[in-house]
Amino acid sequence: MRRAEIRTTHGDADAAERIAAAIRPDNTDEMSTRTEGDAVVTDLERETTGGLHATVDDYVVNLRVAAQLSDRQTSHDT
């Protein structure tokens, strides 16, 4: 079994929670995502190195998009 842990920091716990919530729906049974303070931590397992590599690549893309969207300020007209 091949394993990886990806840990990224996002400035504060609220941002980390938003980002983790955005990426959790894409987790497979072999993945788990949690927050630790301002960090998002995802553990991954795959049978093969190639499978782990592909999963990490996909995860990093999803994480980057979630982080970029989390950083955007939104405004609502009332």
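The values are calculated or read from the model by the stated rules, or taken from the named source; none is laboratory data. Keep in mind that what you see is a predicted model, and the values were worked out from it rather than measured. When we count neighbours, we look across all protein chains shown, and the Cβ atoms used for this are built from the backbone with ideal geometry, even at glycine. Accessible surface areas use protein heavy atoms only, side chains included; no ligands, DNA or RNA. Shrake-Rupley method; radii C 1.70, N 1.55, O 1.52, S 1.80 Å.
Return the loop-located GluC sites (Glu not before Pro) in segment 33-73 (DSSP other than H, G, I, E, B) with at most 16 other Cβ atoms within 10 Å of their own Cβ; answer none if there are none.
Qualifying residues, ordered by number: GLU47.
Counting Lys and Arg as +1 and Asp and Glu as -1, each charge on the Cβ, what is the dipole of the chain about the Cα centre in debye, to the nearest 20? Walk me through the numbers on the way to the answer.
Numbers: 9 positive and 16 negative charges, 29 e Å.
The calculation lands at about 140 debye.
Rounded to the nearest 10 degrees, what's the angle between the helix 49-71 long axis and the longest principal axis of the chain, both from Cα atoms, 0 to 90?
Long axis of 49-71 versus the principal axis of the chain: about 0 degrees.
For segment 1-68, treating each Cα as an identical point scatterer without solvent, what Debye log10 I(q)/I(0) comes out at q = 0.25 1/Å?
-1.07
Quick check: at a probe of 1.4 Å, how many percent of the accessible area of segment 1-76 sits on carbon and sulfur atoms? List each step's numbers first, then the result.
Numbers: 2340 of 4970 Å².
Summing carbon and sulfur atoms, their accessible area is 47 percent of the total for segment 1-76.
To the nearest 0.05, how large is the calculated FRET efficiency for ALA4 and GLN68 if R₀ is 35 Å and r is the Cβ-Cβ distance?
Numbers: r = 22 Å, r/R0 = 0.64.
Here the calculated transfer efficiency is 0.95.
Please give the per residue accessible area of the chain, computed with a probe of 1.4 Å over protein heavy atoms only, in Å².
Roughly 68 Å² per residue, with all protein chains present.
Please list the non-local residues whose amide H lies under 5 Å from the amide H of SER32, H modeled 1.01 Å from N, same-chain partners needing a gap of 5 or more.
When sequence neighbours closer than 5 places are left aside, the close amide H contacts are ASP43.
As a check on your grasp of the helix formula, calculate [θ] at 222 nm for the chain: sum -39500 (n - 2.57) over DSSP H runs of n ≥ 4, divide by the residue count, round to the nearest 500.
My calculation for the chain gives -14500 deg cm²/dmol from helical runs alone.
Between helix 13-23 and the chain, what is the angle of the helix's C-alpha long axis to the longest principal axis, kept within 0 to 90° and rounded to the nearest 10?
Approximately 60 degrees, to the nearest 10.
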